[in-house]
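What follows is calculated from the coordinates using simple rules that are stated; it is not laboratory data. Predicted model only: the values in this text are computed from it and were never measured. When we count neighbours, we look across all protein chains shown, and the Cβ atoms used for this are built from the backbone with ideal geometry, even at glycine.
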Amino acid sequence: MDAMTAALQRLGALAMKVLQGFGHAAFFFWDLLVHAPAALKRFSLVVRQIHAIGNLSLVIILASVWPWVLCWRCRCTTRWSPMGPRSPWA
């Protein structure tokens, strides 16, 4: 029994060393594979979640870009602008 335990410990140490060589992505991928069957039972919820994440990220991107666009447009349309008083959209 002692030789079997030592062999299993060596095998486990070797497996951990190999997985650590791949990094945390290997553990994350393994968790995905383990939990995939349970997630696929509720596939409609997975689709809803992915859709919600996409919509929210689009809103965040638009909200963070819009002030920059407004400032750039105002800068281009003032008479003190290096580009002159004309707007690039005129």
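At-a-glance table
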| read-out | value |
| --- | --- |
| Residue-by-residue Karplus 3J(HN,Hα) for segment 53-60, coefficients 6.51, -1.76, 1.60, Hz, glycine and proline x | 5, x, 5, 5, 5, 5, 5, 5 |
| Set of segment 13-35 residues, backbone N closer than 12 Å to the point 7 Å along the Cα-Cβ line of Q49 | 32, 35 |
| Inter-centroid distance (Cα atoms) of segment 30-66 relative to segment 7-28, Å | 29 Å |
